[in-house]
Amino acid sequence: MFAKSRLFISFGLLVASASAASAGDGQHFWSGNWYLSVGAAGFSAPKFEGGKHNKLQWQPLVSIGRQGPGPRFSSRNDNPSFAFIESDAFRVGIVGKFVRSRDSGDGRELTGLKKVKWGLEAGGFVEAYPTDWLRARVEVRQGIRAHSGLVADAAVDAFTDITPELRLSGGPRMTLATNDYFNTYYGVNARDAAASGLSQYNPGGGIKSVGVGGALTWKASENWTASTFVEYTRLTGPAADSSLVRERGDRNQLLIGMSASYKFNFTTN
C-alpha cells in the first residue's frame with residue numbers, strides 16, 4: 001500500500017502539471033524525454049513518532065518526471081512534488097505525501113488509543129536558492145482522511161561537492177501543525193485515557209519539532225545513486241507535552257539509514 005500510494009501521488013502530480021504545461025503547444029502531455037527512478041531506503045527509526053524504541057524499517061523510493069536540468073539540490077525529506085514556476089533561484093509547485101496508518105501493532109505503548117487511518121496530505125511548496133550552495137524549502141499540506149489538520153515543514157540545506165561524484169549536505173529542520181493534527185497523533189481523550197492508562201491530554205497547535213539532518217550522496221554512475229543519512233529531531237510544544245510522549249515515549253528522535261536508487265531514461269511520442 002505504501003509503495004503504491006507514493007507512486008500514485010507522484011504520477012498524479014505529474015499528470016496534472018504536465019497537462020497544464022502542454023495545453024498551449026498542442027502536444028500530448030506524455031510526449032518527450034522522461035525518467036523513472038526506483039529504489040529503496042533502509043533505516044533505524046522510532047516505531048512511531050514520539051516513541052522511544054527504534055526498529056529497522058524500509059521505504060520505497062519512486063519518482064517519475066521529465067528529463068531536464070531540474071533542481072540543483074534534492075533531499076530525501078522532500079515529498080513528491082512538481083514545479084509550476086521554476087528558475088535558477090526559485091521554484092513553486094504542488095506537493096503530496098502518503099500518511100501511514102498507526103495502531104497498537106506499531107508499539108505496545110499505543111494500546112488503548114484510537115487507530116489512526118492511512119491518508120494523504122496535499123498542498124504546495126516553495127524553495128529558494130539564495131546562493132549556489134544553499135537551498136531553503138517550505139511545504140504546506142492539508143491532511144486528508146488520516147487527519148484534518150495543516151502541516152508545514154521547513155528545511156535549510158547547505159551542500160557541497162567533495163568530488164564530482166560525492167556530495168555532502170545538511171542543515172536545520174522545523175515542523176509546525178494545527179491542533180487537528182496534534183489531536184489525531186498526540187491527543188488523549190477521556191475514552192483513550194480510560195483504555196490506555198495515559199493521562200488525558202487536549203493539545204493546541206504550534207511547533208511540533210526542530211532538528212537537524214545530513215546526508216552523504218554518491219553518484220556511482222549516470223544512473224545509480226546511493227546515500228547514507230542521519231536525522232535528529234526533538235519534539236517540542238504540543239507534541240512534547242503529550243502524555244503519550246511524557247509517560248511512554250521520548251522527545252528525542254533519531255533516524256539513521258542508507259538508500260540506493262536507479263534511474264531509467266525513456267522517450268515517448
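Data for the structure
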| item | result |
| --- | --- |
| Surface accessible to a 1.4 Å probe, per residue, for the residues of the chain, Å² | 52 |
| Evaluated over the range 34-133, the Cα radius of gyration and Dmax, each in Å | 17.3, 51 |
| Lysine pair number, Cα distance threshold 16 Å (strictly under), the range 33-268, separation 8 or more or different chains | 4 |
| Cα long-axis angle, helix 2-22 against the chain (0 to 90 degrees, to the nearest 10) | 40 |
| Mean separation of Cα contacts under 8 Å (6+ apart) over length of the range 206-269, as relative contact order % | 36 |
| Structure-based [θ]222 nm, the chain - -39500 (n - 2.57) summed over DSSP H runs of at least 4, per residue, nearest 500 | -4500 deg cm²/dmol |
| Extension gain, V126 back to I85 (0.36 nm per residue minus Cα-Cα distance, nm) | 13.8 nm |
| Estimated FRET transfer efficiency when R0 is 25 angstrom, pair T111-W58 (beta carbons, to 0.05) | 0.50 |
| At R0 = 30 Å, FRET efficiency that the Cβ-Cβ distance of V92 and R246 yields, to 0.05 | 0.15 |
| Cα point-scatterer Debye curve for the range 150-269, base-10 log of I(q)/I(0) at q = 0.11, 0.13, 0.17, 0.22 Å⁻¹ | -0.55, -0.68, -0.88, -1.15 |
| Charge dipole (debye, nearest 20) of the range 33-268; +1 at Cβ of Lys and Arg, -1 at Cβ of Asp and Glu | 640 |
| Compactness relative to 2.2 N^0.38 Å, alpha carbon Rg of the range 159-212 | 1.91 |
| Segment N77-A195, length gained on full extension (0.36 nm per residue, minus Cα span) | 39.0 nm |
| Positive minus negative residues near A226 (Lys, Arg vs Asp, Glu; Cβ under 13 Å) | +3 |
| Mean-position separation - Cα centroids, the range 149-163 and the range 218-264, in angstrom | 13 |
| Rg/Rg_ref, the chain, where Rg_ref = 2.2 N^0.38 Å and atoms are Cα | 1.06 |
| Net lengthening on full extension, I256/L166 (0.36 nm per residue, minus Cα-Cα) | 30.5 nm |
| Accessible-area composition of the range 158-269, carbon plus sulfur, in percent [1.4 Å probe] | 58 |
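The values are calculated or read from the model by the stated rules, or taken from the named source; none is laboratory data. All figures in this text were calculated on a predicted structure; none of them were measured in a lab. Cβ coordinates were reconstructed from backbone atoms using ideal geometry, including for glycine residues, and neighbour counts include every protein chain displayed. Only protein heavy atoms, including side chains, enter the accessible area calculation; ligands, DNA and RNA are left aside. Shrake-Rupley method; radii C 1.70, N 1.55, O 1.52, S 1.80 Å.
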